[in-house]
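Note sheet for the following structure.
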């Protein structure tokens, strides 16, 4: 059997799945006619955007979710993040995962000097009158449920907008929101 692999720029408001019992949810299958058996490798929550890998190969999914594969995210934060908060994020912070306290692993975090050139979100984020925002890059090798949102909130700077821009060596690049590209493989 020949497996198929895809990269997609998941838009805001879509679930990283193909089936949902809630009728009003937008699903990946609305963006492209994927072959039967296609699965998302990792997930992005409904409010997150960016790079999502899909495959029909369950073994490939396991390889990419491995703890050695880096995942890079750009997060727009409420407020101007401090050097102390960046250090806290880098060292690991305590968050809740299913009502259990969890200490995140050390990771790479740095401030982005200029805001990324992402198009405006389909649902307005907020007005400038609510105060300044800042952008950071966060590179993880783990991926707990809503981890980055919980991490930045624990550091005192809640996430307003979140993009995954890289998985291993695979980049979001210039894919537009909703665009799907079939690829030979991921490695």
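Odds and ends about this structure:
- The set of residues from the stretch 12-29 being surrounded by 11 or more Cβ atoms within 10 Å (Cβ to Cβ) and closer than 25 Å to residue 120 by Cα comprises 12, 13, 14, 15, 16, 17, 25, 26, 27, 28, 29.
- Hey, residue 157 touching a helix residue (DSSP H, G or I) at 6+ places or on another chain (Cβ under 8 Å), touching a residue at least 60 places away in the same chain (Cβ under 8 Å) and part of a loop (DSSP other than H, G, I, E, B) or not: yes
- If the condition is being assigned to a strand (DSSP E or B), at pLDDT below 95 and either at positive phi or touching a helix residue (DSSP H, G or I) at 6+ places or on another chain (Cβ under 9 Å) (or both), then the stretch 6-44 contributes 14, 15, 39, 40, 41.
- Index of the failed condition, residue 9 passing every other in (1) farther than 26 Å from residue 115 by Cβ; (2) out of contact with any strand residue (DSSP E or B) (no Cβ under 6 Å at 6 or more places or on another chain); (3) buried (at least 19 other Cβ atoms within 10 Å of the Cβ): (1)
- If the condition is being over 15 Å from residue 179 (Cβ atoms) and either in contact with a helix residue (DSSP H, G or I) (Cβ under 9 Å, 6 or more places away or on another chain) or assigned to a loop (DSSP other than H, G, I, E, B) (or both), then the stretch 45-58 contributes 45, 46, 47, 48, 55, 56, 57.
- Test: residue in the stretch 64-77 that is loosely packed, with under 15 Cβ neighbours inside 10 Å and at pLDDT 90 or above: yes
- Cross-chain or 6+ apart pairs with Cβ under 7 Å, the stretch 24-36 first and in contact (Cβ under 8 Å) with a residue 40 or more places away in the chain, then surrounded by fewer than 15 Cβ atoms within 10 Å (Cβ to Cβ): 31/178
- The listed residue being surrounded by 13 or more Cβ atoms within 10 Å (Cβ to Cβ) and assigned to a loop (DSSP other than H, G, I, E, B), out of 95, 81: 81
The values are calculated or read from the model by the stated rules, or taken from the named source; none is laboratory data. Every value quoted in this text rests on a predicted model; they were computed, and no experiment measured them. Here Cβ is always computed from backbone atoms with ideal geometry, including for glycine, and neighbour counts include all displayed protein chains.
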